[in-house]
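Peer 1: The structure under discussion is supplied below as C-alpha cells; questions concerning it will follow.
The values are calculated or read from the model by the stated rules, or taken from the named source; none is laboratory data. Here the structure is a predicted model, which is why all the values come from computation and not from measurement. Note that each Cβ is placed from the backbone with ideal geometry, even for glycine, and that neighbours are counted across all protein chains shown. Calculation scope for accessible area: heavy atoms of the full protein, side chains included, ligands and nucleic acids excluded. Shrake-Rupley method; radii C 1.70, N 1.55, O 1.52, S 1.80 Å.
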Amino acid sequence: MNIGRPHSKSFTQTNTNKRMDLSTDKMISHQSISDIEKQRLESVYNHINSVQIPLQKIEIDGITSPKLMIILENLKYKVSKHEADLFIWEVDDDEDGVITRKEFEMMYKRCIFDVTYLEPRNLFNLVQFLMYDKQHKGRITEEDTLEIIFVRVGKANLSTEIDAIFGNTYQVELKQPVITNDGWSTFEKSISFEEFFLKMKKRDFCKRIEPERERQKKLRSQLPSVDDRK
C-alpha cells in the first residue's frame, strides 16, 4: 500500500510548520516491511549508534550528528556539523537532536511508502547504502543490492532500480574483484557512497518534479493550436 504522507518537514511545507499528520503516521507505522529489511535496518541502527565520540563524557543512546559525521567520514564523504544536523533534523520528530529506534524505523517506512518523493531523504539514502554494504567495505556492488531491492520492488522492477543505482557508465578502476562461492575470481561493478548519494539525490529530485511536469504537459496539450485560434 502506497501512502502519500504530508510530512511536516517535507518539500511541500514551510520549515516553520512543524505539525504532524498523526493519522497518516499511524497508518504508516502499521505498514510491514520484509524480515530482511528489518534485520538490515536493525544492523545499520546499531552500527551507527555504536560509534564512539572522542572526548564525549556522556554516552548518548541514539543516532546523533557527531556519530553521523564519523560514519560519513569513514565512507570518504565529509560533511559539516550543520549538514549533519540537517540529516538529523529532517526525521527528528521530537526535535531533541537524537534519532531513536522508533524514529529511525518510521523514517525508513515514510520514504519506502512515499510515492511523491516529498519526504526528506538524506538520512534514508545513507541508510540504504549501509543496508547494502553489510560488510562495511565502503563500496557496493550489484550483488550487494539485489536481495533488498528484490523484496522491496519485486522482480518486474528490479532491473529499473539496479540501473538507477549503477547505470552503464563505469571506469575499469571502479571494478573490484569478487570471489564466488566456487572459488572463481570475477570482477563486478562497484560504486562509492558519494557516487550513490549523488545519483539518489538527482533521482529523488527528478521524481519529485515529475508530477508537475506531467501536469504542465497535460495543460499544454489542452491549449488550442495556432490554427484553431485563427
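Peer 1: For region 107-118, check the following and say yes or no: at least one residue is open to solvent by 70 Å² or more (accessible area, probe 1.4 Å) and touching a helix residue (DSSP H, G or I) at 6+ places or on another chain (Cβ under 8 Å).
Peer 2: no
Peer 1: Can you work out which of the residues in region 54-90 that are of a type in the set (A, V, I, L, M, F, W, C) and over 16 Å from V44 (Cα atoms) is most open to solvent (accessible area, probe 1.4 Å)?
Peer 2: Of everything passing the filter in region 54-90, L55 is most open to solvent (accessible area, probe 1.4 Å).
Peer 1: Further question on the same structure: Can you tell me which residue in region 181-198 is least open to solvent (accessible area, probe 1.4 Å), limited to those that are over 23 Å from V79 (Cβ atoms) and modelled with pLDDT of 70 or more?
Peer 2: Among them, the one singled out is E188.
Peer 1: Suppose we filter region 199-217 for residues that are at pLDDT 90 or above and either outside any helix (DSSP H, G or I) or surrounded by 14 or more Cβ atoms within 10 Å (Cβ to Cβ) (or both); how many remain?
Peer 2: So the answer is 4.
Peer 1: Here's something else I'd like to know. Determine if region 61-80 includes at least one residue that is assigned to a helix (DSSP H, G or I) and more than 26 Å from D144 (Cα to Cα).
Peer 2: Checked against the condition, which is being assigned to a helix (DSSP H, G or I) and more than 26 Å from D144 (Cα to Cα), region 61-80 yields at least one hit.
Peer 1: Look through T160, T141 and report the one residue that is out of contact with any helix residue (DSSP H, G or I) (no Cβ under 7 Å at 6 or more places or on another chain) and open to solvent by 50 Å² or more (accessible area, probe 1.4 Å).
Peer 2: Just a single option satisfies the conditions, and that option is T160.
Peer 1: Hey, another quick one. Among what's in region 119-138 and is open to solvent by 10 Å² or more (accessible area, probe 1.4 Å) and charged (D, E, K, R), pick the residue that is nearest to the chain's Cα centre (by Cα).
Peer 2: R121
Peer 1: Follow-up. Select from region 23-55 the residues that are outside any loop (DSSP other than H, G, I, E, B) and of a type in the set (G, A, S) and write down the one among them that is nearest to F150 (Cα to Cα).
Peer 2: S43
Peer 1: Within the set of pairs 6 or more residues apart or between chains, which connect a residue that is more than 15 Å from D133 (Cβ to Cβ) and touching a residue at least 12 places away in the same chain (Cβ under 8 Å) inside region 35-61 to a residue that is acidic (D, E) and open to solvent by 100 Å² or more (accessible area, probe 1.4 Å) with Cβ atoms less than 8 Å apart?
Peer 2: Listed pairs, sorted by first residue: N49/D61.
Peer 1: Follow-up. I'm told H30 meets every condition in (1) open to solvent by 60 Å² or more (accessible area, probe 1.4 Å); (2) within 12 Å of E105 (Cα to Cα); (3) in contact (Cβ under 8 Å) with a residue 40 or more places away in the chain except one. Can you identify the failing condition by its number?
Peer 2: Just one mismatch for H30, condition (3).
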